[in-house]
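*Asks:* Right, I'll just put the structure down here and ask away after.
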Amino acid sequence: MVMWVFGYGSLVWNPGFAYDARLVGFVRDYRRVFYQGSTDHRGTPEFPGRTVTLEHQPGSTCWGVAYKISEEQDKETALEYLEVREKQYDEKVYLDLYTDSSPKIPAIENVMVYLATTNKEANENYLGPAPLEEMAKQIYLAEGPTGPNKEYLFKLEDALNKIGVVDQHVVDLAKAVREYSDDMLSK
């Protein structure tokens, strides 16, 4: 039995595991938001970065990339890898994936998706919404073992552009971070 994994953040440009096929598509009734704190990749416990999660919102769509993994050994390796990489995401859900050529009928059913819930007991790193300027400042300043938080944002924006997706939340945040400068820190 094949396994499909849907990426809507860094998995879009950097899956980090072997896969047989890659399919651009979207999930329904969710939107991508920079509400998850990152204390292990793009920030620290003292100064968390912001990464994306999915927020349930009826009528919304979130575009990304689904990866097909067929070989048993590849599935085991991918799951072990993802359980470590996505450890700050406290829920795994299975959603249907739609594509441009199949917008009404799922192209793939039960695609595995990691997401971060708003439950602070299960997900101590959930940051939630904040004003755009506040999120921009946090992303501009945060840096973790994987690199600067703003690099994550810009790579996501670029990866989405490459698959033909404009996500207004990502675009607005990237613009605000680009406009941010060290001069603003002294204000």
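*Asks:* Could you grab me the full set of residues in the range 122-134 that are open to solvent by 10 Å² or more (accessible area, probe 1.4 Å) and either over 19 Å from Glu83 (Cα atoms) or touching a residue at least 40 places away in the same chain (Cβ under 8 Å) (or both)?
*Replies:* Hits for the range 122-134 are Asn125, Tyr126, Leu127, Pro129, Ala130, Pro131, Leu132, Glu133, Glu134.
*Asks:* Also: Give me the residue from the range 16-34 that is in contact (Cβ under 8 Å) with a residue 60 or more places away in the chain and among the hydrophobic types (A, V, I, L, M, F, W, C) and, out of that set, nearest to Thr51 (Cα to Cα).
*Replies:* Phe34
*Asks:* While we're here: What's the total number of residues in the range 89-114 that are within 18 Å of the chain's Cα centre (by Cα), open to solvent by less than 50 Å² (accessible area, probe 1.4 Å) and at pLDDT 95 or above?
*Replies:* Looking only at that region, the number is 8.
*Asks:* Right, next: Considering every residue within the range 73-84, establish whether at least one is part of a strand (DSSP E or B), at pLDDT 95 or above and either of a type in the set (Lys, Arg) or over 26 Å from Val166 (Cβ atoms) (or both).
*Replies:* No, the range 73-84 has no match at all.
*Asks:* Which of (1) touching an Asp or Glu at 6+ places or on another chain (Cβ under 7 Å); (2) under 18 Å from Gln57 (Cα atoms); (3) assigned to a loop (DSSP other than H, G, I, E, B) does Thr118 not meet, given it meets every other one?
*Replies:* (1)
*Asks:* Among the residues of the range 59-105, count how many are closer than 27 Å to Gln168 by Cβ and touching a Lys or Arg at 6+ places or on another chain (Cβ under 9 Å).
*Replies:* Result for the range 59-105: 13.
*Asks:* Separate question: Of Gly37, Gly128, Gly64, which residue is within 22 Å of Asn161 (Cβ to Cβ) and of a type outside the set (Lys, Arg)?
*Replies:* Answer to the selection: Gly64.
*Asks:* Got a sec? Which of Phe26, Phe6, Phe34 is surrounded by 21 or more Cβ atoms within 10 Å (Cβ to Cβ), at pLDDT 95 or above and under 13 Å from Leu153 (Cα atoms)?
*Replies:* Result of the check over Phe26, Phe6, Phe34: Phe34.
The values are calculated or read from the model by the stated rules, or taken from the named source; none is laboratory data. Source: prediction; values computed, not measured. FYI the Cβ positions are ideal-geometry reconstructions off the backbone, even for glycines, and counts take in every protein chain you see. When the accessible area is computed, the model is the full protein with side chains, heavy atoms only, and any ligands, DNA or RNA have been set aside. Shrake-Rupley method; radii C 1.70, N 1.55, O 1.52, S 1.80 Å.
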